[in-house]
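Provided herewith is a single structure, encoded as structure tokens, for subsequent inquiry.
The values are calculated or read from the model by the stated rules, or taken from the named source; none is laboratory data. Note that the coordinates shown come from a computational prediction; the quantities given were computed from them, not determined experimentally. Using ideal geometry, Cβ is built from the backbone for each residue, glycine included, and neighbour counts are taken over all protein chains shown. Calculation scope for accessible area: heavy atoms of the full protein, side chains included, ligands and nucleic acids excluded. Shrake-Rupley method; radii C 1.70, N 1.55, O 1.52, S 1.80 Å.
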Amino acid sequence: MIIHPSAAKVGQVLATDHFGRTNHPIIKKNTVLTAEHLDILSLFMIREIEIVSETSKNKQTTKTAPEKSKPSPVSSIDMPGAFLPLYNEAVKRFKVLFTNWRAGAQIDVLTLRKAIVPVVEKGMDQPGGLKDMQQAQNTDDYLYHHAVSLSVLSAFIAKKLGFSRGNCLQIGVAGALCDCGMSKISPAILKKKGPLNLHELKEVKQHSIQGYNMLKKLPAIKEGVLLGVLQHHERQDGSGYPLKVHGSKLHPYSRILAAADVYLAMTSERPYRKKLSPFKVIELMMKDQFGQFDPAIIRAVTDGLSIFSAGTRVRLSDGQTGSIVFKEDSHPARPIIQLDQSSAIISLRDNNDLFIEEVLSE
């Protein structure tokens, strides 16, 4: 039965998927309509919907329910909450390795792989871990958390882009090694609570070259990893450092690492500035820094936002709170929000003066 949405009633069931200006359904087939669904249909200006007739509904409800199959045994490593212990262990082990590098020890790539590959593999297959690892970070151990997070996120992006699993793991290794050169930077600079002065900033910018020099003579290091470490602060338009490399001269690994590094840095709490919400960072990377990053990689980063699904509670830039109702693929940073106080549903795509300031909870 096809009707106009204004004639639909709460409790009726959709007979087909219904699309707005999106590639994915705004409301899926067999959904029992609520007042929120009716508001969404109105917001997307849907002209007609197909409702399951009462006869069809009765037939559906009289069908014999299929026998439930027994759940497959689940190991502890496959359980949803298993990512965080792996992540925390990787951070702990990386901190020991970094301390050894600072003392003059040579980088042992095999030991590093043993420390980070388990959490990288888990992060590629369990995207929800991306949220968990950022919530686990602390400012005191930022450098170690950042290294492991960069390893996980870079491998996740590579998988989204269709890289082989072997290449994904190599990119994960590169992510963990990107800041190995920081072990040669003055500890006083790394521990400084405020912004760096020009002299300090110049020294920090040497860490890419320092890391390259630490790795270049190691037989176990592949060229992609080496160039990824050297180029992870370079930009597509040539505005990065240390060599102002740009465009096709950038290795594919370094393009991924560059975008992931900026995303993580901006969404992390630092002593001298507050973190930004993932939604705001994606918007900045897509607009304000257009031309610096590969657009395909930015799209892969936005896939990480899928962990913030319908129902995620957020605070907007004007102080209002609400819940995500729907996200459009074409505007991942500007979902549709239902406000707590008024229950009104607004589209951030149509309200450019508003943005998601903070993710409160799922």
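Considering only Thr321, Thr312, Thr34, give the residue with the highest GNM mean-square fluctuation for the chain, with springs between Cα atoms whenever their separation is below 10 Å.
In this elastic network of the chain, the residue with the biggest mean-square fluctuation among Thr321, Thr312, Thr34 is Thr34.
A follow-up question, please. Can you give the charge dipole size of the range 208-338 about its Cα centre, rounded to the nearest 20 debye, using +1 on the beta carbon of Lys and Arg and -1 on the beta carbon of Asp and Glu? Spell out each step's value before the answer.
On the way: 18 positive and 12 negative charges, 72 e Å.
Computed about the Cα centre, the dipole is about 340 debye.
Next up: How big is the equivalent ellipsoid of the range 234-287 along its three axes, where each semi-axis is √(5λ) from the Cα gyration tensor, reported in whole Å from largest to smallest?
On the way: eigenvalues 110, 29, 18 Å².
After diagonalising the Cα gyration tensor, the semi-axes are 23, 12, 10 Å.
Then there is this: If we sort 129-136, 344-351 on the protection proxy, mean other Cβ atoms within 10 Å, highest first, what's the order? Mind showing how you got there, number by number?
Numbers: 129-136: 18.5, 344-351: 16.2.
Descending packing order for the listed peptides: 129-136, 344-351.
Under the rule of -39500 (n - 2.57) per DSSP H run of 4 or more residues, summed and divided by the residues of the chain, what mean residue ellipticity at 222 nm is obtained, to the nearest 500 deg cm²/dmol? Let's see the in-between values first.
Values: 14 runs with 155 residues, N = 362.
Value at 222 nm, helices only, nearest 500: -13000 deg cm²/dmol.
Continuing with this model, one more query. What area, in nm² and to one decimal, does the C-alpha convex hull of the chain cast on average over all directions? Don't jump to the answer; show the numbers that get you there.
On the way: hull surface 86.3 nm².
Average projection, Cα convex hull of the chain: 21.6 nm².
Looking at the range 255-293, which trypsin sites (Lys or Arg not before Pro) are in a loop (DSSP not H, G, I, E or B) and have at most 11 other Cβ atoms within 10 Å?
Numbers: sites: Arg255, Arg273, Lys274, Lys275, Lys280, Lys287; in loops: Lys274, Lys275, Lys287.
Listed in order of number, the matching sites are Lys274, Lys287.
Moving to a separate point now. If I ignore ligands, DNA and RNA and count only protein heavy atoms, how much of Lys114 is accessible to a 1.4 Å probe, in Å² to the nearest 10?
120
Of the accessible area of the range 277-327, with the probe set at 1.4 angstrom, what percent is carbon plus sulfur? Write down the numbers at each step before the final one.
Numbers: 1040 of 2000 Å².
Summing carbon and sulfur atoms, their accessible area is 52 percent of the total for the range 277-327.
Another question, then. Quickly rank 265-271, 330-336, 161-167 as a protection proxy: mean count of other C-beta atoms within 10 Å, highest first.
On the way: 265-271: 15.7, 330-336: 20.3, 161-167: 13.4.
Top to bottom by mean Cβ count within 10 Å: 330-336, 265-271, 161-167.
Follow-up. Provide the gained length on full extension for the span Asp125 to Lys216, in nm with one decimal, where the gain is 0.36 nm per separating residue minus the Cα-Cα distance.
29.7 nm
Starting from the Cα gyration tensor of the range 75-220, take the square roots of the eigenvalues, sort them a ≥ b ≥ c, and report rounded, prolate or oblate (rounded when a/c is under 1.5, otherwise prolate if a/b is larger than b/c, else oblate). Display every interim value, and only then the final one.
On the way: a/c = 1.88, a/b = 1.48, b/c = 1.27.
Since a/c reaches 1.5 and a/b is larger than b/c, the shape of the range 75-220 is classed as prolate.
Follow-up. Simple spin-label model, 7 Å along Cα-to-Cβ: Asp329 to Glu200 in nm?
Inter-label distance under the simple model: 4.6 nm.
Shifting gears a bit: Just need the relative contact order of the chain here, percent rounded to a whole number, with Cα pairs under 8 Å and 6+ apart.
Values: 549 pairs, mean separation 40.5, N = 362.
Result for the chain is 11 percent.
Counting only heavy atoms of protein chains, what accessible area per residue, in Å², does the range 80-230 have with a probe of 1.4 Å?
Working: 6770 Å² over 151 residues.
I get 45 Å² per residue for the range 80-230.
Also, I was wondering about something else. Placing unit charges on C-beta atoms (Lys and Arg positive, Asp and Glu negative, everything else neutral), compute the dipole magnitude of the chain about its Cα centre in debye, rounded to 20.
On the way: 46 positive and 36 negative charges, 206 e Å.
Here the chain has a charge dipole of around 1000 debye.
May I ask for the angle, rounded to the nearest 10°, between helix 252-266 and the longest principal axis of the chain, with both axes built from Cα atoms and the value confined to 0 to 90°?
With rounding to tens, the tilt is 80 degrees.
Can you pull the percent of the range 193-239's accessible area that's carbon plus sulfur, 1.4 Å probe, other chains left in place?
Values: 1460 of 2610 Å².
Result for the range 193-239: 56 percent of the exposed heavy-atom area is carbon or sulfur.
What residue among Cys178, Gly129, Leu354 has its Cα farthest toward the positive end of the dipole of the chain, where the charges are +1 on Lys, Arg and -1 on Asp, Glu, each on the Cβ?
It is Cys178.
Suppose the chain between Asp141 and Leu243 were pulled fully straight at 0.36 nm per residue; how much longer would it get relative to their current alpha carbon spacing? It would help to have the intermediate numbers written out before the result.
Details: separation 102, 0.36 × 102 = 36.72 nm, distance 2.88 nm.
Difference between extended and current length: 33.8 nm.
Ok, one more. In Å, the Kirkwood hydrodynamic radius of the range 199-271 over pairs of distinct alpha carbons?
On the way: mean 1/r = 0.0776 Å⁻¹.
Mean inverse Cα-Cα distance, inverted, gives 12.9 Å.
Taking every pair of alpha-carbon atoms in the range 179-233, give the share separated by more than 12 Å as a whole percent.
It works out to 64 percent of all Cα pairs.
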